Amino acid sequence: MIGISNYWPGRYPAYMNAARPDGEILQPPQVMLSTPTYLIGRLSVDGRRRAAAAVASAGLRLNSYAVLACLHEYGLSSQRDLSVRLGLDPSDIVAVLDELESHGYVSRSRCSEDRRRHNVAITASGKRAREAGAKALEAAQEAFLAILDPAEREQLTTLLRRIHDQHSACS
């Protein structure tokens, strides 16, 4: 991952499992461990790494899986709408769609109302790839959140959704 160095072999990213070669675990300051935004950020890095590895086991990149999931849920979409929904730069969406299209997972067509626009649809093989990615991602989520019981997971998701929705409405 760009911008994250790995100080000790076998540790990725280094600051997530900050053990020295002698085995001593190096903890961040307590003030940081008491800061929700700091904890969310650290967990986000590890969670994203696990999610990416999970969907990779199904032959997908994380952004590719996200596009397939979006098309599965919302149906035919414009490239621009996919970009906005997923918070990805339009040029990045084009690259993701190029890759998905080369595997036969999506098809693109010109919009009949606006010839400048491209509509994107998920194909039958794209649906199968999305399903495989969803199963792998679900298993990774189970492992990542294993310390929480189902009620705690639901509560965590509800709280994170509230924060997400508040900040999405403001941006």
- [ ] May I ask you to list the residues in segment 25-75 that are in contact with a strand residue (DSSP E or B) (Cβ under 9 Å, 6 or more places away or on another chain), modelled with pLDDT of 95 or more and of a type outside the set (Gly, Ala, Ser)?
- [x] Val67, Leu68, Cys70, Leu71, His72
Task: Filter result for the condition that a residue is closer than 22 Å to Ser57 by Cβ and of a type in the set (D, E, K, R), over Glu113, Glu142, Glu152 - done: Glu142
Task: In segment 30-52, the residues that are in contact with a helix residue (DSSP H, G or I) (Cβ under 8 Å, 6 or more places away or on another chain), surrounded by 13 or more Cβ atoms within 10 Å (Cβ to Cβ) and under 27 Å from Glu131 (Cβ atoms) - done: Asp46, Gly47, Arg50, Ala51, Ala52
Open item on the list: Just the residues that are loosely packed, with under 12 Cβ neighbours inside 10 Å and either among the basic types (Lys, Arg) or not in a helix (DSSP H, G or I) (or both), please, taken from segment 108-164.
Closed with: Ser109, Arg110, Ser112, Glu113, Asp114, Arg115, Arg116, Ala146, Ile147, Asp149, Arg161, Arg162
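The values are calculated or read from the model by the stated rules, or taken from the named source; none is laboratory data. Predicted model, so just to flag it, every value in this text is computed and none were measured. No Cβ is skipped: glycine too gets one built from the backbone with ideal geometry, and neighbour counts run over all protein chains shown.
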